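Here's the structure, in structure tokens; my notes come after.
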Amino acid sequence: MPCPGARGGAASRPLTRKEVDNLREAAQMPDARTKLFLGFARARLEASERLHTDPKLQQPQTLTELRSLLYDFTDIIDELDDNLDAFDDRGADLRAALRTVIETETDFQQRLRKIRETFPPAVLQQVKEELEDAIEAVDDSVNSSRALLDKQNERKGQEKTEKKAR
């Protein structure tokens, strides 16, 4: 079974074997699974931020690593969204998980924008597409998480109304 969000080939999978195993263990636990995805994304973002201070930042190998980290970050955020949608389709109560997603991804938005503002222009030119994709993925995820939270709150409100009517 391929890793979630895999782009094909062992070298291009955004998740390690251990991360995939952790996700399998949390397969039916939306809150735990959501926290795992956020942790995986945070690790890629923090590694990207550390490269900012790397004196070898403009070397091809370091730029390739940065591109890969940003690409993996984007894949993980997209996979998180797919998981949230799947859990919602099964009627899971995701309100707590969604609040965590919104709070964490709002922090991700700020950090990605800081990367965009502070990386040297020569580096930014080399990773612009991956960085913009990551920013767009997080922006979309925050928006869809807010919409899903509104939907879940509305559904829970309707359930309470129906219980009172019985």
| task | Those residues that are within 17 Å of the chain's Cα centre (by Cα) and either at pLDDT 95 or above or surrounded by 17 or more Cβ atoms within 10 Å (Cβ to Cβ) (or both), I need them from the range 1-19; list them, please. | result | Cys3, Pro4, Gly5, Arg13, Pro14, Leu15, Glu19
| request: From Leu112, Leu149, grab the single residue that is surrounded by 14 or more Cβ atoms within 10 Å (Cβ to Cβ), closer than 25 Å to His52 by Cβ and among the aliphatic types (A, V, I, L, M). | output: Leu112
| query | of a type in the set (Asp, Glu) and modelled with pLDDT under 90: does that describe Asp54? | reply | yes
| Taking the range 49-88, which residues are more than 14 Å from Ser145 (Cα to Cα), part of a helix (DSSP H, G or I), over 14 Å from the mean Cα position of the chain (by Cα) and not β-branched (Val, Ile, Thr)? | Glu49, Arg50, Leu51, Pro60, Gln61, Leu63, Glu65, Leu66, Arg67, Ser68
| said: Looking at the range 101-127, I want the residues that are closer than 18 Å to Gln59 by Cα and have a partner that is surrounded by 14 or more Cβ atoms within 10 Å (Cβ to Cβ) and of a type in the set (Gly, Ala, Ser) with Cβ atoms under 8 Å, at least 6 apart or on another chain. Which pairs are those? | reply: Ile115/Ser48
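For (1) surrounded by 15 or more Cβ atoms within 10 Å (Cβ to Cβ); (2) under 23 Å from Leu15 (Cα atoms), each residue gets a yes or a no:
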{"position": "Leu51", "(1), (2)": "yes, yes"}
{"position": "Gln59", "(1), (2)": "no, no"}
{"position": "Thr64", "(1), (2)": "no, yes"}
{"position": "Phe73", "(1), (2)": "yes, yes"}
{"position": "Glu103", "(1), (2)": "no, yes"}
{"position": "Asp107", "(1), (2)": "no, yes"}
{"position": "Glu129", "(1), (2)": "no, yes"}
{"position": "Ala137", "(1), (2)": "yes, yes"}
{"position": "Asn153", "(1), (2)": "no, no"}
| request: For Ala97, state whether it is of a type in the set (Gly, Ala, Ser), within 14 Å of Ala147 (Cα to Cα) and in contact (Cβ under 8 Å) with a residue 40 or more places away in the chain. | output: yes
| task | List the number of the failed condition for Ala92; all other conditions in (1) farther than 18 Å from Ala43 by Cβ; (2) assigned to a helix (DSSP H, G or I) hold. | result | (2)
| query | What residue, among those in the range 20-37 that are under 17 Å from Ala86 (Cα atoms) and touching a residue at least 12 places away in the same chain (Cβ under 8 Å), is surrounded by the most Cβ atoms within 10 Å (Cβ to Cβ)? | reply | Phe37
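The values are calculated or read from the model by the stated rules, or taken from the named source; none is laboratory data. Since this is a predicted model, take the numbers as computed values, not measurements. Using ideal geometry, Cβ is built from the backbone for each residue, glycine included, and neighbour counts are taken over all protein chains shown.
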